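Values quoted throughout were computed directly from the atomic coordinates according to the rules given, and no laboratory measurement underlies them. Just so we're clear, the structure is a prediction, and the values are computed from it rather than from any experiment. Quick reminder, even Gly has a Cβ in these numbers, built from the backbone with ideal geometry, and neighbours come from all protein chains shown.
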Amino acid sequence: MCGGSYVGRGMRHGQWRRGRAFLWRDAEKMSPGARISAALSVLLVVGLSGVFLVAFVPDLWWIFTTYFWVAFPALGLLTSGIAALGEHRPVRVSEEQRERELLEEIRESGEISAAAAAARTSLTVAEADRRLRELAENGHIEVRARGGAVFYALWGNGQETGRMEGST
């Protein structure tokens, strides 16, 4: 049947435009590296075939202009892959920023445990515990033990300190 419709076969209007498929793959689900690799592999084949066409059959150079229907989507995929590279990089936080973040949480809450520090900052529990112990060993913060738990507080935050000194 000439000019047959895909409606009877379950194809809906606009099905061809839905999603960004490249080489029968969904480009949105591809990692940035996969996008770049797929685009460069297509562009390499198009470029080499164009060079060979012009080198061996120079009278048919105009056929190379028809290759752009393959090259344009590959260029779009290449640019989207390069643009997505920066989005997937983890943000690096310096040691000073992590320490400042931890001290800010101690200042805001009055006292903090290692688990609470890990929940409120970008540190893990082990890293928060290590940093809090280092700060306490260097005399920058105060260590408090209450109910079997260890809490850390800034010096001069005398809410609990005054009661502990009066009771001993």
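Tabulated values for the structure
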| item | result |
| --- | --- |
| Simple label model, 7 Å out from Cα along Cβ direction - Ala83 to Arg130, nm | 4.0 nm |
| Residues whose placed amide H lies under 5 Å from that of Ser113, excluding near-sequence neighbours | Tyr152 |
| Estimated inter-spin distance, Phe68 and Ala145, nm [label 7 Å along Cα→Cβ] | 7.8 nm |
| Sequence-distant residues sharing a close amide H with Glu142 (under 5 Å, placed H) | Ala153, Leu154, Trp155 |
